[in-house]
Amino acid sequence: MAETERANDADLTVDDGRLAARIAQIRGEQLERVRRRLGTAIPTHVVSEETLTAIAHDVREAELLRVLNDPAYPGVARTLAELGSGGGGGLIDKALRDVTRLVGAMWALYLDATPGGLTHSRLTALWEASHTGGRTHAYALLAWLQFLAYIEPAGEAPDDGRARLYRPTERMRSAFRAYFTAQLRAIAPLRPEAAQVADRIGDPQVFARFVALTGEGLLAATLLLRPQQPPPFNLISRRRSGLVMLWTLLLSAPQAGVWPPAGAFPVSVNDLARRSGVSRMHLQRLLDDTVRAGMLARGQDGTVRVRSGLRREVNSFLALLVVCLANTARVAAADRP
C-alpha cells in the first residue's frame, strides 16, 4: 500500500527544546575557545549573545510552520529552487555546486565588511567556530577566489603586519548583489520587508551592512542547528551539484500548488543531467542513493515520488532560508537613516 503523505508535512528538522539547550552549549564552547587563545595572536571568532538569541527566536518551529502554511509558500519555494538550480554562469553558478564554497564566499564578504578585514587567520577562526573546517579550508577558499579574480591582495592587516589582507573585487560584489537581490525579491510575498532592502542593496553601505548581518547570522544558524548526527539531507547537499540536481528534479514536476510536488511525476535521467550540467552517471547515482535512503520512491513506469523524509528536509531547509533572510532584511531595514 502506498504511504499517505500531506503536501506540506508539518514535521520539521528543527526542535525548540534543542535550540534552547544549544545556546547554553555554544556559550560554553565559545568561552573555552577564547580561554585557550588568550595570550596568542591567533584570532577567535565569537557570535554575540544578541545574534544567537535573535536567530534562535526566528528559527522556532512556530515561525517555520508559519512560512510553510502561508498560501504563498509553494510559489516562493519554486522561485528559490529556480535560483538554486544554477545555469547563470559565473561565481554564483560555480558556488551553488559546492555548498562549502558558497558559504565560504559569503563569509569572505562578511569578514571584509567587519573590523579586521579578510585575512587567512580570521577566515580560519570562522571555519573553526562553525566546526566545519579549518586552516586547509581557508587556504583552499582564498586560492579559489583569487583564481577566479574575485578577491585581490590589499596589503597588510592593520592589526597584524604579518597577515596579508584581501578584499573582494567589484566582480564578486556585483555577483552577490544580484544573488541577494534575487533571493530577497523571491521571499517578498512572505516577508515584505525583504523588498525594501532589495531596493537599496545597490548602496555600498547597505550592501556592507547586509553581508555583515548575513555572515554572522549564517554562523549563528550553523551553530544552533548543528545536529548530533549527519542529517539525511547531507546525502544530497554535500554532493557535488547535489542541490542543483535536486531543484532541477523537483522543478521538472508539473506545478500543482504544493511544494515539493505531492504526486508521482515522470523523469528523464538524460534530460535532468543535461539541465543540471552533470553527467548522466552522476545524476543516476543521486536518484539511486535517495531511493535507497527512503527519500524518493521510484515507479515501474519511470516516475518518481517525493516521500515524507525528503519533504521534511526540503521544507525545513527552505523555511530556514526564508526566516534567516527575513531576519537579516528586518535588521538591515531598521538601520535605515
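Please treat every number below as a calculation from the coordinates, not as lab data. This structure is a prediction, so every number in the text was calculated from the model and none was measured.
If you take the Cα centroid of the range 263-290 and the Cα centroid of the range 118-146, the two points sit 33 Å apart. Here, the range 62-142 yields an orientationally averaged convex hull projection of 7.2 nm² when only Cα atoms define the hull. Stokes-Einstein diffusion for the range 204-337, with the hydrodynamic radius set to the Kirkwood value over Cα pairs and evaluated at 25 °C in a medium of 0.890 mPa s, equals 146 µm²/s. Pair-distance distribution of the range 115-272: all C-alpha pairs, bin width 10 Å, starting at 0; shares per bin in whole percent are 9, 24, 35, 24, 7, 1, 0.
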